[in-house]
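Here's the structure, in structure tokens; my notes come after.
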Amino acid sequence: SVSIGVFALQGDVREHLRVLNDLGVDAFRVRRPEELERCDGLVLPGGESTTMYKLARTFDLFEPLAKRISGGMPTFGTCAGMIMLADRIEDGSEGQETLGGLDITVRRNAFGRQVDSFEGELEFRHLDDPVHAVFIRAPWVEQVGPEVEVLATIATGEAAGRIVAVRQGSLMATSFHPEVGSDDRIHRYFVELVKQSQNQSVVS
Ligand code: GLN
């Protein structure tokens, strides 16, 4: 089976572990560089990206993470995790850095105060039926580079057309939280990316 770590210095770690375990994945917490070495893939959960950044620095995980991600380790970021994977941020806090990897610009807390948390149905590319998406003080993607595939956008309302899920090679990110609720299709999609990347790296 595949081994997928969940960045566990901050954020909704347990929810991701539950979904991955239910899919038969060897899923575990990553708090130290040694734990990163076991990972075939990694999840960066939702939470608070400024705090994640600071803790990753404090626990000497920032550089090893950035190196594994740029080295091609499949990584899935949700919400704050999307911000961590973005090459560029708008409305970042003072001194906030990201791990990068995705050629995107994200805007933090993009949906504004009145609607900072909401739910709705979204079409998701490669999935037959819509997903029920939960947004909690979510970012959106303002701009994507040429290698980035857009997986989902907001359909209606003031934010119509805003990009909320992307993939670039074996990196993917959603503004919303697919780990809450019982729909495991987006995690399945990520597990497939991890398996594909394993097959590619097997030299026969
Ligand atoms: N607003 C948070 C941030 O900027 C993200 C919120 C979330 O992950 N649910 O990091």
**Asked** Can you give the charge dipole size of segment 6-50 about its Cα centre, rounded to the nearest 20 debye, using +1 on the beta carbon of Lys and Arg and -1 on the beta carbon of Asp and Glu?
**Response** 120
**Message:** Just to confirm my numbers, what's the Cα centroid distance between segment 167-204 and segment 59-121 in Å?
**Reply:** 16
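For a quick check: sort 183, 22 by the number of other beta carbons within 10 angstrom, fewest at the front.
On the way: 183 17, 22 12.
So the ranking, lowest neighbour count to highest, is 22, 183.
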**Prompt:** Residue by residue, what Karplus-based ³J(HN,Hα) values in Hz, rounded to whole numbers, does segment 166-172 have, using 6.51, -1.76 and 1.60 with θ = phi - 60° and x for Gly and Pro?
**Reply:** 9, 9, 9, x, 9, 9, 9
**Prompt:** Amide H to amide H, which residues 5 or more places from residue 176 or on other chains are under 5 Å from it, using H placed in the peptide plane?
**Reply:** 79
**Message:** No solvent, one uniform scatterer per C-alpha: report log10 I(q)/I(0) for the chain via the Debye equation at q = 0.08, 0.18 1/Å, two decimals.
**Reply:** -0.23, -1.29
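As a check on your grasp of the helix formula, calculate [θ] at 222 nm for the chain: sum -39500 (n - 2.57) over DSSP H runs of n ≥ 4, divide by the residue count, round to the nearest 500. Could you put the intermediate results ahead of the total?
Numbers: 6 runs with 57 residues, N = 204.
It lands at -8000 deg cm²/dmol.
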**Request:** Quick one: dipole size for segment 45-100, taken about the Cα centre, charges +1 on Lys/Arg Cβ and -1 on Asp/Glu Cβ, in debye to the nearest 20.
**Result:** 260
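Quick note: the coordinates plus some simple rules give every number you see, no bench work behind them. Every value quoted in this text rests on a predicted model; they were computed, and no experiment measured them. Here Cβ is always computed from backbone atoms with ideal geometry, including for glycine, and neighbour counts include all displayed protein chains.
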